[in-house]
Amino acid sequence: MTRNEEYQALLQELEATPPALDGTAERALRRRRRDRRLRLFGVPAGSLAACFAAFVLLVNLFPPFARACGNVPVLRELAQAVAWSPSLSAAVENDYVQPIGQSQTANGVTATIEYVIVDQKQVHIFFTLEGEGYESLSAEMPEFTPRQHCSVLGADFRQEPGTLLHFTLDYQDNDVPEGFTMAFGVTGETGTENGPAAPTRSILDEPEREEPDILASFTFDLDFDPTYTAQGEIVPVDSTFQLDGQTLTVTTVEVYPTHVRVNVEGAPDNTAWLEGLDFYLENEDRERFDTITSGVSATGDPDTPAMKSFRLESPYFADSAHLTLHITGAKWLDKDMERIRVDLANGTADRLPEGVELYSAQRSGNGWLVQFSAPEEEEMHFHQLFSMTYYDAEGSEYSMDSRSTMTEPYIEGPISDEAFDAHRAAGEGRFFEILPLENYPYDEVWLCPTFSRTAQAEVPVTIPVK
């Protein structure tokens, strides 16, 4: 096949409309389009012909360029990778993507940074891992030079080679920089390991510290187009309202292409800390932008248990002239419930968050295994009931190495079929949070709930944003 034929095949593949993008052109025509850095619409025909000719020459004369074109994932793959996020999906639909195309190969594994989606406060890095003979490949958590002061969400582990993977960086007090160096290791599974079965372990067993073998390590220098990193708007609001007997103020709303931040402060004399909001944005076309369900949904105050910045999907690409914030409920942590006492020996608790039950407290090895249950949330999205920090009667602080969430109670040791069925029945419609208290010899413990109760507004609070 000649380079021209390769190019024509590539064009035909790109002409197929991905299902996730059906109707994009029609929607786009109804919108008031914002200015774009580079668009083909409105470009003179002569210029398009010149671009086409230049592209064909590059394909034919420069094999590396042709290989790069052939290896770029089709737009449908990126659309599929961001299908969980309405904001990122809108960014892809509106060409708000910076191609990178950096590729490295080490020890038979190839890592390629395909695209980034960035704005003032977030970096989304999309990349692939390839390697012959591997059933799955995984990217370890990345490290950055210079060090980045942000939250980092790692990529999904054990994915089929060629899967479009995703790192997320979320900045709170500072903005996305012009660039940085990113390094990460890759592990892999061939599917041919036939070692002995792992012995049965208790949740309280000392966790295995063996690190996976790193197949290859990669270092990429990433530079971000300042046209993207400058995108964002802070809208002053300063609207104070009452909700469930507490006083709150929406100070500002930050609108970015990848998300919205609603910043809220509670009055000093409130009896509860704000831990969550039920809310959404609506524009003049009655388009609704809901809470982010995957990724960072809120960030807190370092000096108190309160959450202060809440996230929504973004109306950035909807070209909204007006935005209204609707608040329908809240999640609270009463200030007198920052710590609660649990009697481990008798399996009782002085107070528990709304809807939470103490299922069991069992001595296990050198500590305790404590199980709580709570109603399942929609789409099996579990919230954390307790923090990883706990205290003894003297106020000494301890920390859990891990915690587990399950749809059934955790059972340790042999158990009869009847008892097993009874445990399963107890878990219907509820999820279980299992807290391992290692090396904890005492019969009582003070735990730190992440909330105490929820409340719905009798009349939704409505706040004009712009």
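Data table
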{"item": "Residue match in region 120-134 (condition: among the small types (Gly, Ala, Ser), in a loop (DSSP other than H, G, I, E, B) and within 14 Å of Gln159 (Cβ to Cβ))", "result": "yes"}
{"item": "Top-ranked residue in region 138-163 [being open to solvent by 60 Å² or more (accessible area, probe 1.4 Å) and assigned to a strand (DSSP E or B); ranked as modelled with the lowest pLDDT]", "result": "Leu153"}
{"item": "Region 82-99, residues that are part of a loop (DSSP other than H, G, I, E, B) and within 18 Å of the chain's Cα centre (by Cα)", "result": "Val82, Ala83, Trp84, Ser85"}
{"item": "Residue, modelled with the highest pLDDT, within region 164-174, restricted to residues that are out of contact with any Ser or Thr (no Cβ under 7 Å at 6 or more places or on another chain) and open to solvent by 40 Å² or more (accessible area, probe 1.4 Å)", "result": "Asn174"}
{"item": "Qualifying positions in region 111-129 - over 21 Å from Pro226 (Cβ atoms) and either of a type in the set (A, V, I, L, M, F, W, C) or touching a Phe, Trp or Tyr at 6+ places or on another chain (Cβ under 9 Å) (or both)", "result": "Ala111, Thr112, Phe127, Leu129"}
{"item": "Near pairs, Cβ below 8 angstrom, 6+ apart or cross-chain, from region 216-240 (farther than 12 Å from Ile117 by Cα) to any residue that is open to solvent by 30 Å² or more (accessible area, probe 1.4 Å) and modelled with pLDDT under 95", "result": "Val235/Lys466"}
{"item": "Test: residue in region 385-393 that is open to solvent by less than 40 Å² (accessible area, probe 1.4 Å) and assigned to a loop (DSSP other than H, G, I, E, B)", "result": "yes"}
{"item": "Pair list, Cβ < 8 Å and 6+ apart or interchain, from region 369-382 residues that are farther than 17 Å from Pro436 by Cβ to residues that are among the small types (Gly, Ala, Ser) and at pLDDT 90 or above", "result": "Ala374/Gly355; Pro375/Gly355"}
{"item": "Region 428-466, subset without any contact (Cβ under 8 Å) to a residue 24 or more places away in the chain and under 30 Å from Glu282 (Cα atoms), residue least open to solvent (accessible area, probe 1.4 Å)", "result": "Val459"}
{"item": "Strands (runs of 3 or more DSSP E) contained in region 426-466 and holding at least 3 residues within 24 Å of the chain's Cα centre (by Cα)", "result": "430-437"}
{"item": "Test result for Glu211, exposed (fewer than 12 other Cβ atoms within 10 Å of the Cβ), of a type outside the set (Val, Ile, Thr) and modelled with pLDDT under 95", "result": "yes"}
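The values are calculated or read from the model by the stated rules, or taken from the named source; none is laboratory data. Note that the coordinates shown come from a computational prediction; the quantities given were computed from them, not determined experimentally. Glycine gets a Cβ as well: all are built from the backbone with ideal geometry, and neighbour counts include every protein chain shown. Accessible surface areas use protein heavy atoms only, side chains included; no ligands, DNA or RNA. Shrake-Rupley method; radii C 1.70, N 1.55, O 1.52, S 1.80 Å.
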